[in-house]
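Enquirer: Okay, handing you the structure first.
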Amino acid sequence: MHFYKFVSSMTTGLVLLALIGLASAVGSSLWPENFFQAWPFRLLLLFLFINMALCTINTSTRFFRHRAKISKNWKILFRSAGLLMLHAGIVLILIGAGLYSYLGHSVQLSILEGDTVEINKVIPVDNSFSLKLHTFSIEFNADGSPSQYYSEMEVLEAGKTALAKTVSVNHPLVYKGVKAYQSSYGYLTDVVVQDGDAAPKTVLAQDGDFIQFADTTRTVKVFKYIPHFDPEIGLETKSMEPVNPRVVYSVYEGTELLGVGAAPFGEPISIDENVSIEFKQVRPYTVLTVKTDPGLPLVTTGGLLLMLGVCMVLFGPSSRKKEVSSVHDN
Amino acid sequence: MTTEHRMIDIVLVLYAAAAAGYFISGGQRWLGKVSFWLASIGLAANLIALVNRVSLSGRLPLSNGYEFLLSFTFITVLMYLLYEILSENKKASGVVMLMGTLLITAIIVLMPQQIGETTPLMPALKSPWLTVHVITAIIAYSAFTLAAGLAIIQLRNAISTDDSAIYKIVSAGFAMLSLSIVLGAIWAEQVWGSYWTWDPKETWALVTWIIYAIYLHLHRQRGWRGNNARILVIIGFLLVLFTFFGVNYLLPGLHSYA
Ligand code: HEM
C-alpha cells in the first residue's frame with residue numbers, strides 16, 4: 001500500500017515532471033537527433049504515464065464516491081470534472097503517442113504523374129488500395145513564390161475509383177486509416193537520345209543522372225531542371241514558375257569536362273558526330289508522407305479533453321479554495 | 001524610413017517615456033498619472049501600428065517575428081493597464097513598461113528587414129489552426145510577462161504576501177499555453193503528418209509548460225506562496241523568452257520562420 005501511494009502520489013508526479021523538463025532541456029541541446037527516442041527518456045515518460053494514470057484513477061474513484069456531496073455544489077462539480085478531464089487527457093495522449101511509436105508507420109512516397117502505387121508495398125495496412133497521381137501542379141503568388149502545391153489523387157480499390165481528392169499542403173488525404181500529406185515534389189526529364197543509326201529512344205532522367213552512348217565515349221550528365229532560367233543568376237532558378245524552362249547539362253570525355261550548357265526544350269543538341277540528345281519535356285512527381293497511426297484518435301481525444309478541462313478548471317467559476325481542496329485531499 | 005518604421009519608433013519612445021516616468025515618480029502622484037497616460041497613448045500607437053500592418057498585408061498580424069512581437073507587446077501593455085486600473089496598484093508599472101520597451105527594441109534590433117515588408121505566406125502557414133495557435137500563444141506569453149513583472153516587484157519589495165493576482169494571471173496564461181500547444185500540434189499533424197517532433201521550439205514550449213504546471217500544483221496543493229513561488233514564475237518567464245528568442249535566433253528548427 002505504501003508503494004502504491006508513492007507511485008501514484010502527486011509529489012512523485014511533480015518530481016517526474018521536473019525531471020522530464022530538465023532532461024528535455026539538456027537533451028535537446030546536447031543530442032537533438034536521438035535523445036528523445038533513447039530508452040532513458042522513454043522510461044521517464046513511462047513512469048509519468050503510470051503515475052498519472054493511477055492518480056487519475058484515484059481522483060475519479062474519489063469523484064464518484066463523493067458524487068452526492070460534490071453535486072450539491074455545482075461549482076465544485078464543474079471544477080472536479082475539469083480536473084479529471086485535464087489529467088485523463090494527458091494520460092490518453094501518452095497512450096496514443098506510445099501506440100504510434102510501436103505500431104505506427106510513416107514513409108515518404110514519390111509518385112510520377114500518371115503512375116499508380118499499391119499502398120501495402122510501402123506501408124503495412126490491413127485493407128490495401130492503390131494511389132494514383134493524375135497531375136501535380138504549383139500555384140504561384142504575384143512575386144513568383146509558390147502559394148500552394150496540388151496533387152490530384154485518386155484512390156483505387158479493385159481497379160475502381162473509391163475516392164478522388166486533391167492533396168495540398170494542410171489538406172491531407174484520409175482513407176481507411178491511412179493519411180497522405182503533401183510533402184515535396186520533383187521532376188524527371190524525358191530525354192530523346194539519337195545514338196548512331198539506331199532509332200531514337202526516350203530515357204527518363206533524374207537530376208544528376210548520366211547518359212551513356214554506344215557510338216561515342218562521351219557521356220552527358222543531366223545536371224538540373226531549372227524552371228526560370230536567368231543567365232545572370234546561373235544555376236539557381238529565379239522563381240518556381242516555368243517562365244524560361246531549361247535543363248542544365250554537362251558533357252564529359254572520361255572524367256574531363258568538355259562543356260556545360262542550359263538547353264531549352266525541344267531543340268536537339270549535338271554531343272558528337274552521329275550522337276545527339278533532345279530534352280523533350282519534364283514530368284513532375286509528387287512526394288507524399290504516407291502515415292498510419294493507430295494512436296491518433298486517442299491523442300486527439302486527449303488533446304480535446306486537455307483543452308476543455310484546463311479551461312473549465314482555470315477559467316471556470318472559482319469556488320473557494322478550501323471547499324475544493326477538501327474534496328480532493330487524501 | 002517608411003511610415004511603419006516611424007510608427008514603431010513612436011511606440012518605442014512612448015513606452016520608454018512611460019517606463020522612465022514610473023521609475024522616477026517615486027510615488028509622486030502627478031508623475032504616475034502622466035506615465036499612465038503616456039503608456040495609454042503608446043498602447044493606442046501600438047494599435048494603430050497593428051491596424052496599419054493588417055491593411056498592408058491583408059491578414060492578421062501573426063505571421064512573422066515582427067508581427068508576433070508587435071501583437072505580444074500590445075496585449076502585454078493592454079493587460080497591464082487593465083490590471084493597474086482594476087487593482088489600483090502601480091508598483092509594477094515601471095518593470096512592465098520596461099519589458100514592453102525592450103520587446104519593441106528587439107524588433108528594431110533583431111528583425112529590421114521585416115518592418116515595412118510584406119511577403120506572401122508560404123503554403124504551410126495557411127491554416128486556421130496556426131492562427132488560433134499563435135493567438136493563444138501571444139495571450140499566454142503576455143500573461144506570463146505580466147506575472148513576472150508583478151513577481152519581480154514583490155520579490156524586491158518583499159512586503160505583501162498576497163500573490164493571488166500572480167496566481168490568477170499565471171492560471172490564465174497556463175490555460176492559454178495549453179491550448180496553444182495542443183492547437184499547434186493539431187496544425188503540425190495536418191501539415192507534416194506528425195503532431196510532435198521534439199523540435200527545439202516544441203521542446204522548450206513543453207519545458208515552459210511544465211514549469212508553470214509545477215508552480216500551479218505547488219501553489220495550490222503545497223501552499224507555496226513566498227519567494228520560491230515568485231522565483232518559479234520568473235524562471236517561467238525566462239523560459240518564455242528563450243523559447244521565442246533563443247530558439248529562433250540561436251538554434252535551428254522548423255519554426256525558424258516564426
Ligand atoms: C503535465 C502534467 C500536469 C498538468 C498539466 C496538470 C495540470 C493541473 C492543473 C492546471 C491543476 C489545477 C491547479 C490549480 O487549480 O491551481 C491541477 C491540479 C491537480 N493535479 Fe495536476 N497536472 C499535471 C500532472 C499531475 C500529476 C502527475 C498529478 C498526480 C499524480 C497531478 C495531480 C493533481 C491534483 C491532485 C490536483 C489538485 C486538484 C485540486 O486542486 O482539487 N497532476 N493539475
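Enquirer: A:F64 versus B:W30, label points 7 Å from Cα toward the beta carbon: distance in nm?
Expert: For the pair A:F64/B:W30, the computed spacing is 7.0 nm.
Enquirer: How much solvent-accessible surface does B:K33 expose, in Å² to the nearest 10, with a 1.4 Å probe and all protein chains in place?
Expert: 110
Enquirer: Where does the protein assembly as shown land at 222 nm, in deg cm²/dmol rounded to the nearest 500, when only DSSP H runs of n ≥ 4 count, each adding -39500 (n - 2.57), divided by all residues?
Expert: So the helix-based figure for the protein assembly as shown works out to -18000 deg cm²/dmol.
Enquirer: Going Cα to Cα from A:K69, which lysines come in below 17 Å? Please leave out same-chain ones fewer than 8 positions away.
Expert: Reachable lysines: A:K321, A:K322.
Enquirer: Could you tell me the accessible area of A:M10 in Å² (1.4 Å probe, neighbours in place), rounded to the nearest ten?
Expert: 50
Enquirer: Taking all protein chains together and a probe of 1.4 Å, list B:W204, B:W30 from the most accessible to the least accessible.
Expert: B:W30, B:W204
Enquirer: Roughly how many Å² of A:C311 are accessible to a 1.4 Å probe, to the nearest 10?
Expert: Surface accessible to solvent at A:C311 totals approximately 40 Å².
Enquirer: Do the alpha carbons of any pairs in A:K221/A:K280; A:K121/A:K291; A:K132/A:K291; A:K132/A:K221; A:K132/A:K179 sit beyond 19 Å of each other, and which pairs?
Expert: Beyond 19 Å: A:K132/A:K221.
Enquirer: List the accessible area buried at the contact between A and B, summed over both sides and calculated with a 1.4 Å probe, in Å² to the nearest 100.
Expert: 3500
Enquirer: For chain A, what % of the accessible area comes from carbon and sulfur atoms, probe 1.4 Å?
Expert: 59
Enquirer: Suppose R0 equals 45 Å; then what is the FRET efficiency for A:S137 and A:H2 from their Cβ-Cβ distance, rounded to the nearest 0.05?
Expert: So, using R0 = 45 Å, E works out to roughly 0.10.
Enquirer: Between the helical axis of A:296-315 and the dominant principal axis of chain A, each derived from Cα atoms, what acute angle in degrees is found, rounded to the nearest 10?
Expert: Helix A:296-315 sits roughly 50 degrees off the main axis of chain A.
Enquirer: Quick check on segment A:196-330: of the DSSP beta bridges with both residues there, what percent are antiparallel, nearest 5%?
Expert: So the antiparallel bridges in segment A:196-330 amount to around 95 percent.
Enquirer: Extending each Cα 7 Å along its Cβ direction at A:S110 and B:T197, get the distance between those two points in nm, one decimal.
Expert: 2.0
Enquirer: Okay, next question. A:A18 to A:K72: extension gain in nm, 0.36 nm per residue of separation minus the Cα-Cα distance?
Expert: Going from the current span to full extension adds 15.8 nm.
Enquirer: To the nearest 20 debye, what charge dipole does chain B have about its Cα centre, counting +1 at the Cβ of each Lys and Arg and -1 at the Cβ of each Asp and Glu?
Expert: I would put it at about 580 debye.
Enquirer: Turning to a different aspect of this structure: Please find the FRET efficiency linking A:R283 to A:Y102, where r is the Cβ-Cβ separation and R0 is fixed at 45 Å, and quote it to the nearest 0.05.
Expert: 0.70
Enquirer: Further, regarding this structure: With the crude spin-label approximation of a point 7 Å out along Cα→Cβ, what separation in nm comes out for B:H217 versus A:K165?
Expert: So the two model labels end up 3.9 nm from each other.
Enquirer: Step through the residues of segment A:285-291 one at a time and calculate ³J(HN,Hα) from phi using the Karplus curve (6.51 cos²θ - 1.76 cosθ + 1.60, θ = phi - 60°), rounding each to whole Hz and writing x for Gly and Pro.
Expert: Karplus values, whole Hz, x for Gly and Pro: 10, 9, 10, 10, 8, 10, 9.
Enquirer: Within the accessible area of segment B:121-258, what % is carbon and sulfur when the probe is 1.4 Å and the other protein chains stay in place?
Expert: That fraction is 70 percent.
Enquirer: Keeping all protein chains in place, calculate the accessible area per residue for chain A (probe 1.4 angstrom), answer in Å².
Expert: Ligands and nucleic acids excluded, the figure is 53 Å² per residue.
The values are calculated or read from the model by the stated rules, or taken from the named source; none is laboratory data. Values in this document were obtained by computation on a predicted structure and should not be read as measured data. Methodologically, a virtual Cβ is constructed for each residue, glycine included, from the backbone with ideal geometry; neighbour enumeration extends over all protein chains shown. Protein only, heavy atoms only, side chains kept; ligands, DNA and RNA dropped before computing areas. Shrake-Rupley method; radii C 1.70, N 1.55, O 1.52, S 1.80 Å.
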